[in-house]
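*Asks:* To start, I am sharing the structure in question, which I have written as structure tokens.
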Amino acid sequence: MLDILTIFKQYCGSGFYPFLFLAALIYLLATEKDRKIRIVLLDTSLVIAVLFFFPLFKKVMDILDEGTYYRILWLLPMTVVIAYAGVKLIGRHNRIGFAALALVLILTGQCVYQNINISRAQNRFHIPNAVIALCNEMMPAEDEERVWAVFPDELIHFVRQYSSEIQMPYGREMLEAGWEWNWDTHPIYRVMREAPIDLEELVPLLTEYNVQYLVLNRSVPVEGDLQECGLIKLTAIEGYELYRNPAVEIFKKEPD
Amino acid sequence: MLQKALGGLFLFGIVPVCTGLLWSGGMGVKKRSAAHIYLAGFLIQLAVFQLIAVPVMVKNAHGMELLTELASAVLAALCAAGVVCFGRKKRAERRNGADGGISLTGVGRHMAEALFALSWECRIFWLIALAAIGVQMYMAFAYASFDGDDAYYVVQSVLADQTGVLNRIRPYTGLSTDLDIRHALAALPLWEAYVARMTGIHAAIVAHTLLPLVLIPLTYLCYFEIGRKLLGAANVKLPIFMTLVSILQIWGNTSIYTNATFFLMRTWQGKSIMANLILLVQIWLLLEVFDKKREGSSAGYWLLLIVNNVAAAMMTSMGAFLAAMFLGITGLVAAIRQKKLSILFKTAACCIPNVVYLLMLLVMG
């Protein structure tokens, strides 16, 4: 039961909408006469809400798909019920009632556009320009095989959303601490996540894993000399530097 | 540019409208509205694609070409059937002297009449409601939201589009892999790749920029239909309801788990479409089905519930289960309330695709 309460609290987060929903549900259960609305929005919501807090139901759900129990709360039509109860509640006082309701909803919620993960798009891909420019620099020619590249953590998610021609020895699975089966297991990542990055250790690994390109964030210090380690600087784009590892050739496609 | 326009017109114009016309044959004459037809057609497109994509993907690793050709051919055939069906029905209606059907001039005239009939207060509330939806569409277009899952789902679309390989490449790295059936049975990333192929637009742009411009208004169309069932079409409360819904969505980012967070931050992902569009369609259809005052048969709505359940399976591995659960609970409640056992049978019949899908998941997954 504690588990379920924790999931409910996490779902509510910093807002009060689930509690507004509960209030709206009680209000509508007491006042709504239309049978179809009672069946689809009210009685069904009540059953789902009771089921959600029923420990045995959670056990069954965990067998089906562990870690997604919060999705049962998606089945509660919170938005429809709150908005419908609101318009019923204000009666004939449309203007003042609407203003008051809007204010309550704004004050008890959290604006999505203030989320730190939302920023002005740099292009229609909604991928950082630096990723696109770096990928274009290392894009293989038509007669060449796909290339392998290592990127700093903050760019990893975007690279293959732009092009399937750029491959990476490791990807997002290294960055998710919750994914214990993958996290922190790739030898190159173990070097890349450190500051300073040890080039003496990194470059042989790049060669071992057939990586032709390396992208470094200029603000992350490196230990060792890039040129002495055999890396050739190709270009600098925004805060990143692109290096070629000449020890690994770019392979030509075999003719069909 | 021409390919973008023609592909977009085909997938988001001709197919939803014409396949929607095919579905509208199952409904009472007076209930055919343009919004119903478009929503039905869009869902049919998704469901048909899911039914084609799963076997193609399982049988053919390099099947994107085949999938594109098959899906286009079947959708085009359904469109043609819809137009023929609609033409026949119109002719029959004219012969019988009835004209409850739909036409472009009819829709335009109906909308103009409805607009003139509104009070000034109602018109202003509608302007606010439409502006709120417009803001969400603009923000989805002009602002990027970061989500780690894109490194899986969007990349699956990019891979299918750029390499023609269906779910046999690890999205994170590019190495080959076996078919991950659990994720692959939810074929939405392949549909996004199909949209990319048909329009010639990069799959990441399709997901992040194009689809929100389609899915956000489509979701609000569902809210509009639900609002109409709750409040009536001519009621001044309807635009107030719509605006409150918009506020609840925009200010609903209280945690990473809410429907609203998924709706505006991960609009293009299957989980988001499941939590919003699919479940809202279910609510709308169930309100129609259990409406005693509805004119005409409920058969069309029950049929669309089946289509919606197939589309649910396309969205996420748990989509079929969630949709069946909601439908099952509502069906049970309705059967008890209305003392009609037949509701349970109809509900069970609607859930057959969900059961088949879940069995596939258990056996193959």
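The values are calculated or read from the model by the stated rules, or taken from the named source; none is laboratory data. Here the structure is a predicted model, which is why all the values come from computation and not from measurement. Here the Cβ positions follow ideal geometry from the backbone for every residue, glycine too, while neighbour counts run over all protein chains shown.
*Asks:* Scan the stretch B:171-197 for residues that are crowded, with 21+ Cβ neighbours inside 10 Å, within 13 Å of chain A (Cβ to nearest Cβ) and over 21 Å from B:Asn354 (Cα atoms) and report the count.
*Replies:* Residues that pass the stated criteria total 6.
*Asks:* Further question: Show the residue pairs meeting these rules: Cβ distance below 6 Å; 6+ apart or different chains; first residue within the stretch A:16-41 and closer than 28 Å to B:Thr254 by Cα; second residue of a type in the set (Asp, Glu).
*Replies:* A:Arg38/A:Glu32
*Asks:* Considering B:Gly296, B:Gly270, B:Gly300, which residue is under 14 Å from the mean Cα position of the chain (by Cα) and small (Gly, Ala, Ser)?
*Replies:* Of B:Gly296, B:Gly270, B:Gly300, the one residue that is under 14 Å from the mean Cα position of the chain (by Cα) and small (Gly, Ala, Ser) is B:Gly270.
*Asks:* Take the residues of the stretch A:131-155 that are part of a helix (DSSP H, G or I) and closer than 22 Å to B:Val206 by Cβ: which is farthest from the other protein chains (Cβ to nearest Cβ)?
*Replies:* Only one residue tops the list, namely A:Ala133.
*Asks:* Got a sec? Which of B:Lys292, B:Lys271, B:Lys229 is more than 30 Å from A:Gln114 (Cα to Cα), facing another protein chain (nearest Cβ under 10 Å), among the basic types (Lys, Arg) and part of a helix (DSSP H, G or I)?
*Replies:* B:Lys229
*Asks:* Another question, then. Which one of these is touching a residue at least 24 places away in the same chain (Cβ under 8 Å), facing chain B (nearest Cβ under 7 Å) and of a type outside the set (S, T, N, Q): A:Val80, A:Val87? If you could, list the steps in order and put the result at the bottom.
*Replies:* Values: A:Val87 fails: touching a residue at least 24 places away in the same chain (Cβ under 8 Å).
None of the other options fit; the residue is A:Val80.
*Asks:* Just to confirm my filter: which helices (runs of 4 or more DSSP H) fall fully inside the stretch A:44-111 and include at least 1 residues that are touching a Gly at 6+ places or on another chain (Cβ under 6 Å)?
*Replies:* Output list reads A:94-108.
*Asks:* Then there's this: Just one of the numbered conditions (1) in contact (Cβ under 8 Å) with a residue 60 or more places away in the chain; (2) under 30 Å from A:Val215 (Cα atoms) is not true of A:Ile132; which one?
*Replies:* Here A:Ile132 meets the rest and fails (1).
*Asks:* While we're here: Would you confirm, using the coordinates I've provided, whether A:Ile63 is loosely packed, with under 15 Cβ neighbours inside 10 Å, within 13 Å of another protein chain (Cβ to nearest Cβ) and out of contact with any Ser or Thr (no Cβ under 6 Å at 6 or more places or on another chain)?
*Replies:* yes
*Asks:* Still on this model: So, of the residues in the stretch A:131-151 that are surrounded by fewer than 18 Cβ atoms within 10 Å (Cβ to Cβ), modelled with pLDDT of 95 or more and of a type in the set (A, V, I, L, M), which turns out to be nearest to the chain's Cα centre (by Cα)?
*Replies:* Here the answer is A:Ala133.
*Asks:* Look through A:Ile106, A:Ile127 and report the one residue that is surrounded by fewer than 17 Cβ atoms within 10 Å (Cβ to Cβ) and within 8 Å of chain B (Cβ to nearest Cβ). Can you show your working first?
*Replies:* Values: A:Ile127 fails: surrounded by fewer than 17 Cβ atoms within 10 Å (Cβ to Cβ).
Exactly one of A:Ile106, A:Ile127 is surrounded by fewer than 17 Cβ atoms within 10 Å (Cβ to Cβ) and within 8 Å of chain B (Cβ to nearest Cβ), namely A:Ile106.
*Asks:* Could you run through the stretch B:160-191 and say how many residues are in contact with a strand residue (DSSP E or B) (Cβ under 8 Å, 6 or more places away or on another chain) and either of a type outside the set (S, T, N, Q) or in a helix (DSSP H, G or I) (or both)?
*Replies:* Selection size over the stretch B:160-191: 6.
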